[in-house]
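Novice: Got a structure for you, questions after.
The values are calculated or read from the model by the stated rules, or taken from the named source; none is laboratory data. Quick caveat, the model's predicted, so the values are computed rather than measured. Positions of Cβ are generated from backbone atoms using ideal geometry, with glycine treated the same way; all protein chains shown enter the neighbour counts. Note: areas computed on protein heavy atoms with side chains; ligands, DNA, RNA excluded. Shrake-Rupley method; radii C 1.70, N 1.55, O 1.52, S 1.80 Å.
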Amino acid sequence: MNAHPAPESDGTRSRGPRGPWVAVIPQRDITSAKSRLLLRPEARQAVVRAMFRDTVSEVRAASQVEAVLVVVDRIQDAAHVRSPGVVPLVLPGTPGMNAALREGGRRAREWWPRCRLAGLPADLPSLRSEDLDVALKVAGRHERTFVADRRREGTSLLTAAEGVDLDPKFGERSRLAHLGSGAVETLDPNIESLRRDVDDLDDLLDAALGHPGAALGAVLRSLGHPFDRMSARQRFDSSSVAP
């Protein structure tokens with residue numbers, strides 16, 4: 001298990017009387033991730049890498065986030081998001097997102113002992129850092145909170161206060177699982193971009209027709225960016241779609 005040492009705070013982000021927020025973002029092996037995106041392998045991997053970059057970039061830009069811990073299967077995947085304040089934790093063969101979040105949270109508490117935890121998926125290419133700041137401000141009033149995805153079935157953010165375990169329950173119907181675990185659902189209307197995760201081709205089309213991050217936007221343009229607001233599905237480039 002390898003990771004860079006935790007970075008020292010540069011003092012530019014206000015912590016107040018509470019511990020800093022540390023975001024934990026798992027990314028499974030990019031060569032096999034997001035199989036529900038019905039794209040040819042090279043296009044799918046390019047999309048996954050881009051979503052990872054966009055997600056980490058916006059999380060790191062949030063004013064309340066002290067550091068981002070990315071939990072990856074392969075060190076080469078961490079290279080795609082290398083920047084100050086982003087710390088890789090390499091855990092080959094970790095069995096799923098929940099295990100990665102639990103171990104990532106444990107390591108974060110070793111390196112930032114007073115930290116509060118924010119667990120996010122790596123597929124939020126439309127995320128705006130301002131929306132994450134709003135959600136974390138709400139989270140600061142509770143022991144554990146979560147944000148449901150736009151379908152209100154899954155989860156796109158899970159938080160835990162200082163000294164509290166994340167207790168992640170990502171997976172099918174995770175919104176109900178997190179509610180049942182005692183986490184408080186954040187219903188603020190000003191966090192829409194935080195709800196827009198990408199699990200399948202419909203989600204990707206939705207992101208492309210909205211405001212995708214810079215990395216995903218560049219990948220879509222390289223694939224021909226065959227989307228418009230009138231006939232996106234009819235014009236999707238068959239050269240990029242898996243047979």
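Novice: Any chance you could get the radius of gyration and Dmax over the Cα atoms of segment 138-178, in Å?
Specialist: Over segment 138-178's Cα set, Rg and Dmax evaluate to 10.1, 31 Å.
Novice: Which of the three applies to segment 129-202, rounded, prolate or oblate, going by the alpha-carbon gyration tensor with a ≥ b ≥ c and a/c under 1.5 meaning rounded?
Specialist: Details: a/c = 2.05, a/b = 1.20, b/c = 1.71.
Oblate, since a/c reaches 1.5 and b/c is not below a/b.
Novice: Charges only on Cβ, +1 for Lys and Arg, -1 for Asp and Glu: so what's the dipole of segment 156-222 about the Cα centre, in debye to the nearest 20? Write out the running numbers ahead of the final one.
Specialist: Values: 6 positive and 13 negative charges, 27 e Å.
Here the size comes out at about 140 debye.
Novice: Something else about it: Ignoring any ligand, DNA or RNA, what whole percent of the accessible area of segment 38-87 comes from carbon and sulfur when the probe is 1.4 angstrom? Each step should come with its number before you reach the end.
Specialist: On the way: 930 of 1840 Å².
Answer for segment 38-87 is 51 percent, counting heavy atoms of protein chains only.
Novice: Another question, if that's okay. Subtracting the Cα-Cα distance from 0.36 nm times the residue separation, let me have the gained length for residue 192 to residue 173 in nm, one decimal.
Specialist: On the way: separation 19, 0.36 × 19 = 6.84 nm, distance 1.92 nm.
That pair, residue 192 and residue 173, stretches by 4.9 nm at full extension.
Novice: If you don't mind, another one. In the P(r) worked out for the chain, what percent of Cα pairs fall beyond 30 Å? Intermediate values should be presented prior to the final figure.
Specialist: Values: 6356 of 29403 pairs.
The answer is 22 percent, as a whole percent.
Novice: So, with +1 on the Cβ of K and R and -1 on the Cβ of D and E, and no other charges, what is the size of the charge dipole of the chain about its Cα centre, to the nearest 20 debye?
Specialist: On the way: 35 positive and 33 negative charges, 16 e Å.
Computed about the Cα centre, the dipole is about 80 debye.
Novice: Using 5 Å bins from zero, what percent of all Cα-Cα pairs in segment 27-153 falls into each bin?
Specialist: For segment 27-153, the pair-distance distribution reads 2, 10, 19, 24, 23, 14, 6, 2, 0.
Novice: Residues of segment 38-90: accessible area per residue at 1.4 Å, in Å²?
Specialist: On the way: 1870 Å² over 53 residues.
I get 35 Å² per residue for segment 38-90.
Novice: Over the Cα atoms of segment 54-114, compute the convex hull volume and normalise it per residue, giving Å³. Let's see the in-between values first.
Specialist: On the way: hull volume 5.3 nm³, N = 61.
Given the Cα convex hull of segment 54-114, per-residue volume reads 87 Å³.
Novice: Next question, about the same structure. Among bridges DSSP assigns within the chain, what percent are antiparallel (round to 5)? Please list the in-between numbers first.
Specialist: Values: 11 of 29 bridges.
The antiparallel fraction comes to roughly 40 percent.
Novice: Round to the nearest 10 and report in Å² the accessible area of residue 201, as given by a 1.4 Å probe over the protein chains' heavy atoms.
Specialist: 40 Å²
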